[in-house]
Structures are given as C-alpha cells and as structure tokens.
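Colleague: Structure in structure tokens, see below.
The values are calculated or read from the model by the stated rules, or taken from the named source; none is laboratory data. None of the values given here were measured: they were computed from a predicted structure. Methodologically, a virtual Cβ is constructed for each residue, glycine included, from the backbone with ideal geometry; neighbour enumeration extends over all protein chains shown.
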C-alpha cells in the first residue's frame, strides 16, 4: 500500500475527509444516544418529584432569630458585667451566628460554639448533660462536644432546632443563665 505522502493531493484530501466524517458521525451518534429529549428530562423530574413522600421537612431558626437570641444573651451578660461570647448553632451543629462581647476571652469563642452544639445534639441544657457523665464518662470524647454548663437547646414543637451556648462568665451556671435569657427572647 502506498504511504500518504505518495498519494496525490486529491486522494489525501478525500482520505482525510472520510476519516474525519467517520469520527464525527461516531461522536454525534454517541452524544445523541445519551442526550434525551426535553420530554425525557421533564419525565425524569416528575419521577424524582414523585418520590417526595420519602422526604422529611425540618424547621430552622432564621438568621434574624438567631441574632436576636444571641443579642439577648449578650445583653443579659452585660447587665451583670460579664464578658462573654454567645454562639447559636442550627440543628446540624452548624454555626448560625456568634457574638463575641467586648473583653471576652479568646477561649470563649470555641467554647460557646461547642456548648451550643452539645445542647442541640442531646436536646438538653448542658448543665443536665454534665450529670450524665457520671454514668457514661466517654460521652465527653465525642468530637465537637463540650460538657460544661452554659448552653440550652431551642426547640419548636418539642424538637431541637438550634442550640445557644455562652462562655466566658466565671461559672457555667451564669453562662447557662444567659443562654436561657437569649432563648427566652424568641418567645416574646
């Protein structure tokens, strides 16, 4: 067989064009075989939507409500001359808002968040949860938790939807008092 260089320019052109046409047809066939019509996409969306009976809904605290609760806790602490940090986390433990009061210690930021996470995770004030450590001391080893008084869950219809944690006051009892004051602002 002759090499491509030995073929006439016209033959080389036709051979190259035929090869490109074959590759193009194969590519088009593959793409068109995988692409559906708009009707197919609509049917898939309806099918996916039909599975909604398998979904659940959840209630979330808005950023405005979380800020209101955090500010309420911070204000309660200020009235007693306490320098604290307040954190509000959602049901999944993600921080919604953190307010660090003037003069709050550097450790208070993380402590407030971890207390809030602990309270929402077990749907109980952290002062109650510290008592559970007597029966189950390994609870304190769960990542992200902090079993010190100073946080309370925020609930809706009996289920925890957020946690509010306070850190920085001289005692956990004071921190928790301020957390409860912040949570109470949401019922006003």
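Colleague: Could you go through the stretch 50-58 and let me know if any residue there is exposed (fewer than 10 other Cβ atoms within 10 Å of the Cβ) and at pLDDT below 65.
Modeller: The initial filter retains those residues of the stretch 50-58 that are exposed (fewer than 10 other Cβ atoms within 10 Å of the Cβ), namely 50-57.
If we keep only those that are at pLDDT below 65 too, we end up with 50-51.
Scanning the stretch 50-58 turns up at least one residue that is exposed (fewer than 10 other Cβ atoms within 10 Å of the Cβ) and at pLDDT below 65.
Colleague: Across the stretch 123-174, what is the total count of residues that are within 19 Å of residue 84 (Cα to Cα), part of a loop (DSSP other than H, G, I, E, B) and in contact with a strand residue (DSSP E or B) (Cβ under 9 Å, 6 or more places away or on another chain)?
Modeller: Result for the stretch 123-174: 5.
Colleague: Which members of the stretch 76-109 meet the condition of being in contact (Cβ under 8 Å) with a residue 40 or more places away in the chain, touching a helix residue (DSSP H, G or I) at 6+ places or on another chain (Cβ under 8 Å) and not in a loop (DSSP other than H, G, I, E, B)?
Modeller: 76, 77, 85, 86, 87, 88, 89, 90, 96
Colleague: Could you list, ordered by first residue, the pairs with Cβ atoms under 7 Å in which the first is in the stretch 176-188 and farther than 16 Å from residue 114 by Cα and the second is at pLDDT 95 or above and surrounded by fewer than 20 Cβ atoms within 10 Å (Cβ to Cβ), at least 6 apart or interchain?
Modeller: Listed pairs, sorted by first residue: 185/68; 186/65; 186/68.
Colleague: What about residue 70, is it assigned to a helix (DSSP H, G or I), in the same structural domain as residue 123 (by TED's automatic domain parsing) and at pLDDT 55 or above?
Modeller: Yes; evaluated as a whole, the condition is true for this residue.
Colleague: Would you check which residues across the stretch 124-152 are surrounded by 13 or more Cβ atoms within 10 Å (Cβ to Cβ), touching a helix residue (DSSP H, G or I) at 6+ places or on another chain (Cβ under 7 Å) and without any contact (Cβ under 8 Å) to a residue 40 or more places away in the chain and list them?
Modeller: Hits for the stretch 124-152 are 129, 132, 139, 145, 146, 147, 148, 149, 150, 151, 152.
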